[in-house]
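The values are calculated or read from the model by the stated rules, or taken from the named source; none is laboratory data. Keep in mind that what you see is a predicted model, and the values were worked out from it rather than measured. Cβ: placed from backbone, ideal geometry, glycine included. Neighbour counts: every protein chain shown. Ligands, DNA and RNA are stripped out before the accessible areas are found, and what is left, the full protein with its side chains, is counted by its heavy atoms. Shrake-Rupley method; radii C 1.70, N 1.55, O 1.52, S 1.80 Å.
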Amino acid sequence: ATIPVQAQEAFYKNPQQFMREYATYMHVQGLAEKAALDKQSPYKERLEFQRMLTLVQAMYDKASTEVVVSREEEKAYYEANRAKYREVQAKLIYIPFGSGATAVVGGKKVLSEGEAKAKAESIAKQARNGEDFVKLVKEHSQDTGSAAQNGDIGTGVRESTSHIPEPMRKAILALKPKQISDPVRHENGYYVFRAESGGVLPYEQVREEIYKELKQMGFRKWQQQTQAESAIQFTNEEFFRSLAKDMQQQP
């Protein structure tokens, strides 16, 4: 369990072959030590560097394990950051645009940007006037994945939903249930969103997430303190500027 994952996989794939090779490695290691290769450059330095990396990771693991997070800290963080845990379920309509006024995709003319924006604004207006949003999805949306699900995005949207671009996240999170967004421009099209439901997720549902986040915050604080304790001073800045310049010029 202590050896690298790649070596573990080799063991489980063929344990006997792995043990044969391991025995050979142990024998060759003994020959290398007998030849004092571990005392010679560059092997001595490589071993020292590898030892440093191993101990640094060990200390990181220890420091992370020692970060204690109480239930009271979790609840206090939850109350202070409720906006982070607000989630909105939404539907969308996508109207693409292209640069060629006569371009055709899938048998449909691709609109210019101005035409797509005007169409998206018209759809938003219809939805606000009571037109069935799912009906509008089926008639107009060209996002095939969500259209097949009656416009459903497929996941609740939160501040941390990284796979949805920030302008879209902001537009969705600003909506109250059943509210329609203004058209949101993205690379090649406009989106119209309708919030289906929304609210702050209960503490128990996000408790594990909060625990991990507070653990990470505690570990980062330890890292920052440790870094501040490791003093270094550069007495010749010009040397490093020249070094960087030389490295950039290398092929």
Ranked from the most accessible area to the least, with a 1.4 Å probe and all protein chains present, what is the order of 88, 134?
134, 88
Cβ-defined net charge surrounding residue 64, 12 Å radius [Lys, Arg +1; Asp, Glu -1]:
+3
Over 26 Å between C-alpha atoms is what I'm after, so list which of 138/176; 176/212; 138/178; 75/221; 44/221 land there.
176/212; 44/221
Once Lys and Arg are counted +1 and Asp and Glu -1 for all other residues with Cβ under 9 Å from that of residue 91, the total becomes -1
Cβ-defined net charge surrounding residue 167, 12 Å radius [Lys, Arg +1; Asp, Glu -1]:
0
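Sorted by mean Cβ packing within 10 Å, highest first, what order do the peptides 112-125, 4-17 take? Walk me through the numbers before you get to the answer.
Numbers: 112-125: 16.8, 4-17: 10.5.
Top of the packing list down: 112-125, 4-17.
In nm, what is the difference between 0.36 nm times the number of residues separating residue 207 and residue 185 and their Cα-Cα distance? Please list the in-between numbers first.
Numbers: separation 22, 0.36 × 22 = 7.92 nm, distance 3.49 nm.
That pair, residue 207 and residue 185, stretches by 4.4 nm at full extension.
If r is the Cβ-Cβ distance from residue 164 to residue 76 and R0 is 25 Å, what FRET efficiency results, to the nearest 0.05? List each step's numbers first, then the result.
On the way: r = 29 Å, r/R0 = 1.15.
Using R0 = 25 Å, I get an efficiency of 0.30.
Cα gyration tensor of segment 115-230, axes a ≥ b ≥ c as square roots of the eigenvalues: rounded (a/c below 1.5), prolate (a/b > b/c) or oblate?
On the way: a/c = 3.25, a/b = 2.31, b/c = 1.41.
Prolate, because a/c is 1.5 or more and a/b exceeds b/c.
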Report, for the chain, the % of DSSP beta bridges that are antiparallel, rounded to 5.
95
Taking only protein heavy atoms and a 1.4 Å probe, what accessible area per residue, in Å², does segment 128-244 have with all protein chains in place?
65
Using 0.36 nm per residue of separation minus the Cα-Cα distance, give me the extension gain between residue 229 and residue 3 in nm, one decimal.
78.2 nm
